[in-house]
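Here's the structure, in structure tokens; my notes come after.
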Amino acid sequence: MARTRNLGNLTDLLSANTTTGIVSANTAPAQFDNSAQIPTTGWVTNALGNYRGMVAYTTNTALTAADVGKFVQTSGTVTLTLPDATTVATGSTITVYTGSTAGYVTTVTCPNGAMGGSGSNGTATVTIQAGVMNEFVAAGSGATATAWIVLGAGGAMALTSPGYQRLPSGLIIQWAQSACANATTTTTVFPLAFPTACLNVSGTGYQASGNQQAYVVINGKTATQFTWNAFLALGGSTPTLASTAAVQNWWIAVGY
């Protein structure tokens, strides 16, 4: 008889239909809690991969631990500063999406220094163009390379001239226009040094005025720069080395 009463009391305590039972009265564990505490359904929903919420920023904002796990959308020209990686749990993720309206751009900066990952350009700043999304994952204070890792290549780009695009595979494509030196070999430094090697450089000679034909010959390349010569030829005559800035080299380079 006593055993029956105990089971009945236990049933009442665990009942989800009461507001005083152990389960229904349980408060949500702290974020990232990995203890044996009984979670609420809301805590479980967030832990299953759903965003904790969505927040929109239209002005420069310093993100905090409260933004971890959220979908952050920006509008306009906005600079977001990530939290110090030592103040959030390792693996903390913040997703940043720049609104799709033309001209919108988000600059994300890291207080811990250079960021890593496929979406990083190896600096403490990542630019996210309109309609593009990146994830920022905290690697923690014990990380050997960087405190924040950027996933997705959307932020690793500069759609300008000079400009570049870093692909998820690690391949980098960059481009620019460079003016030739005076009748001698020109050295052009890549706007973004390739981490490992430059695979190929191609150049096209451009002359803004006149009827001379412009040529560019690539002489050599490294991970940080390439050398080239510019030539001009008039009416089928023998090409000669061009004078200062007489020829522009419209070039594109590929590397990793």
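In region 50-155, the DSSP beta bridges split such that about 45 percent are antiparallel, to the nearest 5. Evaluating 6.51 cos²θ - 1.76 cosθ + 1.60 at θ = phi - 60° for every residue in region 223-232, the Karplus couplings come out as 6, 10, 6, 9, 10, 7, 10, 10, 10, 10 Hz, glycine and proline recorded as x. All other residues whose Cβ lies under 13 angstrom from that of Thr95 are scored, Lys and Arg at +1 and Asp and Glu at -1, for a net of 0.
Mind giving me the FRET efficiency for Asn211 and Leu241? R0 is 25 Å, r the Cβ-Cβ distance, nearest 0.05 is fine. Intermediate values should be presented prior to the final figure.
Details: r = 18 Å, r/R0 = 0.74.
Taking R0 as 25 Å, the efficiency between Asn211 and Leu241 is 0.85.
Put simply, the amide H of Met115, placed in the peptide plane, has neighbours under 5 Å in Gly122, Thr123, Ala124, Thr125, leaving out anything fewer than 5 places away on its chain. In the frame of its principal axes, region 50-155 has Cα extents of 39, 27, 23 Å, reported largest first.
Counted by Cβ distance under 14 Å from Val55, the other residues give a net charge of +1, where Lys and Arg count +1 and Asp and Glu count -1.
Between Met54 and Thr160, the C-beta separation translates, for a Förster distance of 30 Å, into a calculated FRET efficiency of about 0.50.
All other residues whose Cβ lies under 12 angstrom from that of Val254 are scored, Lys and Arg at +1 and Asp and Glu at -1, for a net of +2.
Counting pairwise Cα distances across region 172-255, what percent come out greater than 18 angstrom? When all Cα pairs of region 172-255 are counted, 38 percent exceed 18 Å.
Every read-out reported here was derived from the displayed coordinates using simple, explicitly stated rules and does not represent laboratory data. Because the structure is predicted, anything quoted here is derived from the model rather than measured. Because the Cβ atoms are built from the backbone with ideal geometry, glycine has one as well, and the counts that use them run over all protein chains shown.
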